Amino acid sequence: MDLDAGGSTSAPAPPSESLGASAETKEEERGGKQVMVVLVGPPGSGKSTFAEAVAGGSATAGRHWVRVCQDTIGNGKAGTKVQCLKAASDALKEGKSVLIDRCNLEREQRADFVKLGATLHVDVHAVTLDLPAKVCISRAVSRKGHEGNLQGGKAALVVNRMLQKKDAPLLTEGFSRIMSCNDDGDINKAVDLYSTLGPSDSLPSGVFGQKSKGPVQVGIMKFLKKADSTGVEESSGHKLTLGERKPGQQNTLPKQENVEAMFSCTMEVEKGLNDKKKNEEHAKQTDCYDDGSCTLAFPSISTADFQFDLDRASDIIVDTVANFLQKHDSIRLVLVDLSKKSRILSLVKEKAAKKSIDSRRFFTFVGDITQLHTKGGLQCSVIANAANWRLKPGGGGVNAAVYNAAGDSLQHATKKCADALRPGTSVAVPLPSISPLHQREGVTHVIHVLGPNMNPMRPDYLNNDYTRGSKLLHEAYSSLFENFASIVRSHMGKVNNESGTEKSASGGTSLKDTKIKREDNHVSERMKKYKLLPPIMTVNQQHACTKANTPNGLDNAMTSSAVPNQTKQGNNKKSSVVAGKTWGSWAQALYELAMNPEKYKNSDSILETSDEFVVLKDLYPKAKRHVLVISRMDGLDSLADVKKEHLPLLRSMHSAGVKWAQKFLEEDADLVFRLGYHSVPSMRQLHLHVISQDFNSASLKNKKHWNSFTTSFFRDSVDVIEEIEQHGSATTSSDEKVLAMELRCHRCRSAHPNIPKLKSHIANCKSPFPSHLLQKNSLLSSSTMHMDST
DNA sequence: GTTCTAGAAC
DNA sequence: GTTCTAGAAC
């Protein structure tokens, strides 16, 4: 059998026969193993032909193949990935080998199949059908009766877009073998290879046949994109290492490809099966430093703006570094400062030497931390930022420099991870590949760190308390380094398994960190709502910041002891049950405001406060003008609770609403207002909506939003008052089914298929409002106003 | 209430 | 492929 049918090899691991005794044993163990072949290719590349040839061919050498095709898995129609996974799993459990016939062009698309293979202990191979896009498109366009109904003009578009998002399969994804077919000849060989693979045969691991892709793809891109061919050659297949990239050269590599290149060293360590393992590992370690993949550059924290004593700071840096390097190998730390005369650099250098810290793994560096590669020739995949607690740009120093160099994308990416930082913590932010800092310097992550503050002009001043300051500075560096280790680890995957137990115990897993960050985001999100941030940090926010990325629960004094009892109670109040209804924590923001408006008096969202109500600008207005008149009466949660005794309150709220509508009409006479309550509100505490009827707002996003203001779910204030006067209570019967009703224009009642279409309609609909609204005097406009306001 | 995400619809 | 929705999380 031609085991090397894919042609030339670029595999990191040589064919099995040269691997020596241990590898042979392994090969033996694998004998008879099932295979899952994940086909990778756009529509028209011949995946189905391939799969059918292998699975349906008569030449199968006794191996039972099952073709899992997404285009037909749903009773002959297109199905889902989940269905494919299930079918693959079933077949594998029956002892069969499987061909996954779907595009699988993106890494994410393949991941679940690789995972399934790992779970069931079968080899997972990738076979890439890498034919010119032109060929695929013309085949896809001209074919008839395609199983997935992808043909004709639509096909060209789809193939085109798919190819732009393509990630070449990598061994690090978990494939034991990757084979690339660049033409029909290659495909035929591959079909032969798999259809003649007997039940006890196995194929060598590695990457086969990937080398001739470059020129082919250049042609594709010209064909597809017309213009902009910068960097196409690189992005098409030839793997660049960061070291190969020339300064200033535009890097168009997808991020993941970069990451792989960076961590290729570790991948090879994993493959290092031979006797010289240790030596090789050492050599690889050096490579890994050269390409910056294991290197963190960090500035001295807290010593500049925050005026932390340099001598103590240098002790803490050296201690923390020494401690950290002991626990983690294959990691390099570099302390960076701009000035040659930097006192902190010389102190650290001196103390590190005294402690005999390996100078290859930790050293000081004079230079701009945002230009280490281009100006300093030092490649670092991760840099630390001496951030401020709000994680915002500006302020000078390293923070300003990093944000400036990284561009807006850092700000956006940061916002996704955290809203604020407590002293002594850090947060790692993946730097988008569009960031100049990523492209130019090869920086893939920025870790924001906040140290203690000894400067009386800055927040959280420690008033010369160096006991606490030192603890916090130590925590800040530990958190920074652990975050860095997590980044390295998360890309190394299973590497270093033998020592992994100890290491993973020393820092939180990145998954866990992400989860924590998300929780924090939610908490902060809630506080951001209505911009209700009192001048002093709120309890919830303090909590959020404290939690922010504190690695593996370092005993943070602020978390466990220094927070007042009140805080803990506050946080425990995740939901409360009032009169049978459960309100989630997010739903209580209005209640909290109504009970303690004085806390939020500085918020510019609050328009007016009285003993009876608070008037608030809705932070997510569903129209040009949208305010809430919130009752301050405790226990009055929603319309269902309203009784006769509340009539005076309802009337006051109504008047307040009218007053504000009038004010808005003075500014914009074209508006029309409606005042009313939601039958079943989402947020606790009775609140009256005062909303202009343009509904021109980006915050109006879904059917529920629309229907809650334009159906019987919205109860006009005048009606509610009348009803209570007559019956003593308001009808809230309106079941929530109306919220799911079709989308109809509130003026002309025409129906629209979706929100965007509806929005473009209402932007131009000039029909008069429905007569029931006009008759009832429910609408406030500049022409009706003089009547209502008297 | 919003945000996030999977997957249906196009 | 993109757009949009619905459901679940908080």
*Assess whether A:Ala640 counts as being surrounded by 16 or more Cβ atoms within 10 Å (Cβ to Cβ), over 27 Å from A:Ile762 (Cβ atoms), modelled with pLDDT under 95 and more than 12 Å from DNA strand B (Cβ to nearest atom).*
yes
*Take segment A:615-655 and flag every residue that is within 17 Å of A:Gly676 (Cβ to Cβ), assigned to a helix (DSSP H, G or I) and charged (D, E, K, R).*
A:Asp641, A:Arg651
*Can you tell me which residue in segment A:45-61 is farthest from DNA strand C (Cβ to nearest atom), limited to those that are in contact with a Leu (Cβ under 9 Å, 6 or more places away or on another chain) and in a loop (DSSP other than H, G, I, E, B)?*
A:Ala61
*Can you name the helices (runs of 4 or more DSSP H) wholly within segment A:677-770 that have at least 3 residues being within 11 Å of DNA strand B (Cβ to nearest atom)?*
A:703-710
*asked:* I need a count of the residues in segment A:669-691 that are over 23 Å from A:Ser638 (Cβ atoms) and touching a strand residue (DSSP E or B) at 6+ places or on another chain (Cβ under 8 Å).
replied: 2
*So which of A:Leu421, A:Leu480 ends up being at pLDDT below 90 and over 18 Å from the mean Cα position of the chain (by Cα)?*
A:Leu421
*Give segment A:584-614 a look and list any residue that's farther than 13 Å from A:Gly635 by Cα, within 16 Å of DNA strand C (Cβ to nearest atom) and either touching a helix residue (DSSP H, G or I) at 6+ places or on another chain (Cβ under 9 Å) or part of a helix (DSSP H, G or I) (or both), or say none.*
A:Ser585, A:Trp586, A:Ala587, A:Ala589
*asked:* Can you confirm whether A:Leu437 is in a helix (DSSP H, G or I) and modelled with pLDDT of 90 or more?
replied: yes
*Quick one: is A:Ala740 within 44 Å of the chain's Cα centre (by Cα), assigned by TED's automatic domain parsing to the domain that holds A:Leu686, loosely packed, with under 15 Cβ neighbours inside 10 Å and free of Cβ contacts under 8 Å to residues at least 12 places away in the same chain?*
no
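Out of all the residues in segment A:78-102, which are hydroxyl-bearing (Ser, Thr, Tyr) and closer than 18 Å to A:Asp123 by Cβ? Quick ask: steps written out before the conclusion?
Initially, segment A:78-102 is screened for residues hydroxyl-bearing (Ser, Thr, Tyr), giving A:80, A:89, A:97.
Within segment A:78-102, A:Ser89, A:Ser97 meet the criteria.
Yes/no per residue for (1) crowded, with 16+ Cβ neighbours inside 10 Å; (2) touching a residue at least 40 places away in the same chain (Cβ under 8 Å); (3) aromatic (Phe, Trp, Tyr):
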{"position": "A:Val66", "(1), (2), (3)": "yes, no, no"}
{"position": "A:Asp71", "(1), (2), (3)": "yes, yes, no"}
{"position": "A:Asn75", "(1), (2), (3)": "no, no, no"}
{"position": "A:Gln83", "(1), (2), (3)": "no, no, no"}
{"position": "A:Glu94", "(1), (2), (3)": "no, no, no"}
{"position": "A:Leu99", "(1), (2), (3)": "yes, yes, no"}
{"position": "A:Glu106", "(1), (2), (3)": "no, yes, no"}
{"position": "A:Ala111", "(1), (2), (3)": "no, yes, no"}
{"position": "A:Lys115", "(1), (2), (3)": "no, yes, no"}
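Of the residues A:Asp329, A:Asp337, only one is crowded, with 19+ Cβ neighbours inside 10 Å, touching a residue at least 12 places away in the same chain (Cβ under 8 Å), out of contact with any Ser or Thr (no Cβ under 6 Å at 6 or more places or on another chain) and charged (D, E, K, R); which?
Details: A:Asp329 fails: crowded, with 19+ Cβ neighbours inside 10 Å.
None of the other options fit; the residue is A:Asp337.
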*Got a number for residues in segment A:82-119 being of a type in the set (A, V, I, L, M) and outside any helix (DSSP H, G or I)?*
4
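Confirm whether A:Ile724 is away from DNA strand C (no atom under 16 Å from the Cβ), farther than 18 Å from A:Leu773 by Cβ and assigned by TED's automatic domain parsing to the domain that holds A:Leu607. Outline the logic, then answer.
Details: away from DNA strand C (no atom under 16 Å from the Cβ): yes; farther than 18 Å from A:Leu773 by Cβ: yes; assigned by TED's automatic domain parsing to the domain that holds A:Leu607: yes.
When the stated conditions are applied, A:Ile724 passes them.
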*Quick one: A:Gln685 ticks every box in (1) within 23 Å of A:Cys745 (Cα to Cα); (2) away from DNA strand C (no atom under 16 Å from the Cβ); (3) modelled with pLDDT of 95 or more; (4) buried (at least 22 other Cβ atoms within 10 Å of the Cβ) except a single one, so which number is it?*
(1)
_Any residue in segment A:651-676 that is free of Cβ contacts under 8 Å to residues at least 40 places away in the same chain and in the same structural domain as A:Ser692 (by TED's automatic domain parsing) sitting within a Cβ distance under 8 Å of a residue that is among the charged types (D, E, K, R) and surrounded by 20 or more Cβ atoms within 10 Å (Cβ to Cβ)? List the pairs, counting only those 6 or more apart or interchain._
A:Phe664/A:Arg625
_Residue that is farthest from A:His687 (Cα to Cα) [pool: residues in segment A:587-623 that are among the basic types (Lys, Arg) and under 31 Å from the mean Cα position of the chain (by Cα)]_ = A:Lys622
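Taking A:Ala428, is it assigned to a loop (DSSP other than H, G, I, E, B) and either modelled with pLDDT under 90 or closer than 18 Å to A:Ile369 by Cα (or both)?
On the way: assigned to a loop (DSSP other than H, G, I, E, B): no; either modelled with pLDDT under 90 or closer than 18 Å to A:Ile369 by Cα (or both): yes.
No: the conditions fail for A:Ala428.
The values are calculated or read from the model by the stated rules, or taken from the named source; none is laboratory data. The structure presented is a predicted model; accordingly, all values stated were derived computationally and were not measured. Because the Cβ atoms are built from the backbone with ideal geometry, glycine has one as well, and the counts that use them run over all protein chains shown.
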